[in-house]
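Asks: Got a structure for you, questions after.
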Amino acid sequence: MTAPRSALPVQGKYLLGALGIVATLLSLRFVVLGAWPVLIFMVLDMGALAVALHIFGKAAVPEERLRVADGKVELFRLDGRGRQSRISLPAFWTRLEVSSYSECDCNLWLVFRHERHAVGSCVSAAERRVLIPRISAALASARSRDA
């Protein structure tokens, strides 16, 4: 499961470039009138926007991998900052809990004894609902193999 990532399309980059040119031309009008700080702040704004878009484009995409094999449930997480975590639980004793208060809300939890680990935090509630039967089936097949 990975978080949806929409890259800025080429048309969007052209639109931002055109807006930058328009902003520069408007700033030049104020420079001619004697208000030269407007040009400086416009350049700083456009530069900050370009830096923000560059940083957003290079950031890692949050990711989760859930694997049920060899009698274990392994949850691997990679967050937006690049930090990794790995959780391993016995498949026979692990259960899937679903909590939902409305149609727009759905939370999945892997529960083993007193440990609760959220699953699917990087996808939407609708996508989590689609995952429920798949995860349940994987846990059930792991239990039947161990029994």
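Asks: If we keep just the residues of segment 99-112 that are modelled with pLDDT of 90 or more and more than 21 Å from the chain's Cα centre (by Cα), which is most open to solvent (accessible area, probe 1.4 Å)? Outline the logic, then answer.
Replies: Kept after step one, since they are modelled with pLDDT of 90 or more, are these residues of segment 99-112: 108-112.
Among the residues that remain, those that are also more than 21 Å from the chain's Cα centre (by Cα) are: 111-112.
Values: Val111: 5, Phe112: 26 Å².
Of everything passing the filter in segment 99-112, Phe112 is most open to solvent (accessible area, probe 1.4 Å).
Asks: Okay, moving on. Given the residues Ser100, Ser124, which is the only one that is under 30 Å from Ile55 (Cβ atoms) and among the polar types (S, T, N, Q)?
Replies: Of Ser100, Ser124, the one residue that is under 30 Å from Ile55 (Cβ atoms) and among the polar types (S, T, N, Q) is Ser124.
Asks: Sticking with this structure for a sec: If Arg128 satisfies all but one of (1) modelled with pLDDT under 90; (2) surrounded by 15 or more Cβ atoms within 10 Å (Cβ to Cβ); (3) not in a helix (DSSP H, G or I), what's the number of the condition it fails?
Replies: Only one criterion is unmet by Arg128, namely (3).
Every residue, every condition in (1) under 16 Å from Ile132 (Cβ atoms); (2) touching a Cys at 6+ places or on another chain (Cβ under 9 Å), yes or no:
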position	(1), (2)
Leu66	yes, no
Asp70	no, no
Val73	yes, no
Arg81	no, no
Arg86	no, no
Trp93	no, no
Val98	yes, yes
Cys106	yes, no
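The values are calculated or read from the model by the stated rules, or taken from the named source; none is laboratory data. Keep in mind it's a predicted model, so treat the numbers as computed, not measured. Don't worry about glycine lacking a Cβ; one is built from the backbone with ideal geometry, like all the others, and counts go over all protein chains shown. Note: areas computed on protein heavy atoms with side chains; ligands, DNA, RNA excluded. Shrake-Rupley method; radii C 1.70, N 1.55, O 1.52, S 1.80 Å.
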